[in-house]
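The values are calculated or read from the model by the stated rules, or taken from the named source; none is laboratory data. In this text the structure is predicted, and so the values were computed from the model without any measurement. Don't worry about glycine lacking a Cβ; one is built from the backbone with ideal geometry, like all the others, and counts go over all protein chains shown.
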Amino acid sequence: MREGWRRLLWPRLARALVSPPLTDAPPVPPEELVQALMARLEAAAQARLGRSLAIRQVDAGSCNGCELEISAMQNVVYDLERFGLRFVASPRHADVLLVTGPLTRNMREALLRTAECTPEPKWVVAAGDCAVDGGIFKGSYAVEGGIEAALPVDLLIPGCPPTPAQLLEGMLALLEAQGGG
Amino acid sequence: MSEVLLRLVRHGQEQGCRPHQRHLLDRGQWAALIAAIGEDEGVALLGLWADPAQVHAALMAGEAILIASCAVPEGRYAALSPARPGAVRFERMIRDLWGHVAEGGLDQRPWLDHGRWPLTGPLAARPAPHAMPPPQPVFLPVEGEGIHQIPVGPVHAGVIEPGHFRFHVQGEAVVRLEARLGYLHKGHIGLMLGKSAQVAARFAARLSGDSTVAHGWAFAQAVEAALGLEPPPRALALRALMAELERLHNHLNDWGAICNDAGFAWLHARAGALREAVLRAAAIAFGHRLMMDRVMPGGVTDDLMPAGAAAIGAALDAVAAELPRLGAVCDSHASLADRMVGTGVIAPSLVHAFAAGGVTGRASGRGFDARHRPGYPPYVPTEPAVLEAGDVDARARLRMTEMEGSVRLARGLIEALPPGELTLPLPQRGGEGLGLVEGFRGECLHWVALDEGGLVRAVFPRDPSWLLWPLLEAAIEGNILADFPLINKSINASYSGVDL
Ligand code: SF4
């Protein structure tokens, strides 16, 4: 067993140290978006959160397509932790609620409770067409039709699902906005 | 024995469902059918659903797949759950959506209806308004010394779908787990009714985003069967190519996540990089990373883009080159084996009783793969790989084997893409069809009835997870609570897929 481990893992790890990283260059968030978010931050007179954000993801009715792309942001190619962005397990540790789905009636209370547990100041991001306005599920008896039906939303990231690059761009815009204010 | 059952069902009136017939039974025949199912372990209940007037059961006996239906004149029908416990959640769902009560059913608690919709029986002929406060959910009791409950969810610690898990534990060991789902209920079926097949297909593609190709294909297959259409060979080959890429990226995801939950982040990182390569190739080839809305009833929307074949080929080469090495690293770590071998065992008798498909069924000895049986073009039927151990390790190993299979199939499909049309126009007429397509977690089953104008009159999309969720509860029993994430990941049932 030890032999196999040496044979297979060590050389690969060593090679990884000298080969170029798999990670992509960071996306640049559009200036207007950053300005708009900065204005929002000031309007709300929120204290700055610093150059790091803890993200709590909440699925409020997604088809799980959005979750796949949010998870992909954590892979080595997008590597969101290099920007000081990380996912946390509890809303009590979070600066950002990253919410997906058309907001089903069955998830409304859970989302509100999660938001209540999240300390201020916080950002609420609605990711995916469903979260923006209910998307394809608009008008169903079972959905509220977007996250804004329950919570004030700071940033909308449309797409079905948004790509990891688009999601990352949105997260970086939040960082820029609070860093430059 | 199956003979008796087939004869029983075939006594009913044929309803014209293709390619698998649907028979309408009277109450006496329905009761006889349930009795026959109770005596024949070889009969698999693939699904149970309803429309405002009837309930429908999809059954598989030997090679035969058929649907048995029964009218529900006073909103009541004889329950199947005493004969097949897998029917329990379907019966609860039918009551919540259509209001039909399963007489003699083992569990009458609500399932999808949490008491938060503005109406009850939203799909019934006459839904009733609802204004009561939501009731407290009731969980099955557990008695014994030192037992305590741990409620988890609906919001979980990671980036996962919502659901509530009620654990009863004694010390570290889980005595009983009960899942309460339904949080993601979006009203899929209601939204599909009255739509054209093309519009309804967009909902089928969003039943469970990770299986968008498989569900899209199964729905398209049902529509095409209903209309008696045969999609062009090029469309079928492109569908299969997308389906194999989907299987590959999901298996990479699950395999990496299993290793991660067992404590080995490096394998997860490598698998994640390979998966990203597959998704990027899919985006180049089909214009969408998850290949959503590319399968449409009648064919596919787009051809492979010019750079697509090379991009997919390169991604497949990368996966094929690295997979065996990742497998070897995994195998050479006793600490990983320690977490995975013998953990979360599902007995073969259970996967047969619940007709569990996919990796979960095949890792416990049930060799069912819809590509093989009933089979559908362009696949050449091949016996699926099967293991017997039924633990986390067996499920992870089968994923590895199936990834190799998908690479092989995808390469073959690209090499021999038939020329010709991409799609056929849909005739405007009625019909009824059943589609069955093997997704990465098992067979996706779609039933659709179109009215004379070609609009959806009745529909049911059945995600394979219906048959997997009950087994998670069995797999965790007697295991330590800390192994739950690992066991859950090794099955990876979809929440959205069953919440409808
Ligand atoms: S936006 Fe699209 S991918 Fe995201 S949850 Fe909605 S349907 Fe699924």
TODO: Identify all residues within the range A:68-101 that are surrounded by 18 or more Cβ atoms within 10 Å (Cβ to Cβ), under 21 Å from A:L22 (Cα atoms) and more than 10 Å from chain B (Cβ to nearest Cβ); write none if there are none.
DONE: A:L80, A:L85
TODO: Determine whether the range A:140-160 contains at least one residue that is within 11 Å of chain B (Cβ to nearest Cβ), within 11 Å of the ligand (Cβ to nearest atom) and closer than 20 Å to A:P26 by Cα.
DONE: yes
Open item on the list: So if I check each of A:M107, A:M171, which one is among the aliphatic types (A, V, I, L, M) and touching a residue at least 60 places away in the same chain (Cβ under 8 Å)?
Closed with: A:M171
Open item on the list: I'd like to know if the range B:262-272 contains one or more residues that are surrounded by fewer than 24 Cβ atoms within 10 Å (Cβ to Cβ), within 11 Å of chain A (Cβ to nearest Cβ), basic (K, R) and not in a helix (DSSP H, G or I).
Closed with: no
Open item on the list: On the basis of being β-branched (V, I, T) and either modelled with pLDDT under 95 or surrounded by fewer than 19 Cβ atoms within 10 Å (Cβ to Cβ) (or both), does B:V223 make the cut?
Closed with: no
- [ ] Give the range A:102-132 a look and list any residue that's over 11 Å from the mean Cα position of the chain (by Cα), away from the ligand (no atom under 15 Å from the Cβ), buried (at least 21 other Cβ atoms within 10 Å of the Cβ) and more than 9 Å from every other protein chain (Cβ to nearest Cβ), or say none.
- [x] A:T118
Task: Hits in the range B:340-359 - residues which are under 20 Å from B:A370 (Cβ atoms) and surrounded by fewer than 24 Cβ atoms within 10 Å (Cβ to Cβ) - done: B:P348, B:H352, B:A353
TODO: Identify, from the list B:V319, B:V341, the residue that is away from the ligand (no atom under 16 Å from the Cβ) and in contact with a Leu (Cβ under 6 Å, 6 or more places away or on another chain).
DONE: B:V319
TODO: Please work out which one of (1) within 13 Å of the ligand (Cβ to nearest atom); (2) aliphatic (A, V, I, L, M); (3) assigned to a loop (DSSP other than H, G, I, E, B) is the condition A:V99 fails and give its number.
DONE: (3)
- [ ] Return the residue satisfying two criteria in turn: it lies in the range B:100-117 and is surrounded by 20 or more Cβ atoms within 10 Å (Cβ to Cβ) and within 14 Å of another protein chain (Cβ to nearest Cβ), and of such residues it is nearest to B:H130 (Cα to Cα).
- [x] B:W117
- [ ] Determine whether the range B:51-71 contains at least one residue that is of a type outside the set (A, V, I, L, M, F, W, C), in contact with a helix residue (DSSP H, G or I) (Cβ under 9 Å, 6 or more places away or on another chain), within 25 Å of B:G375 (Cα to Cα) and surrounded by fewer than 20 Cβ atoms within 10 Å (Cβ to Cβ).
- [x] yes
TODO: Run A:F137 past the list (1) touching a Lys or Arg at 6+ places or on another chain (Cβ under 6 Å); (2) more than 10 Å from chain B (Cβ to nearest Cβ); (3) closer than 30 Å to B:R202 by Cβ; (4) not basic (K, R) and report the number of the one that doesn't hold.
DONE: (2)
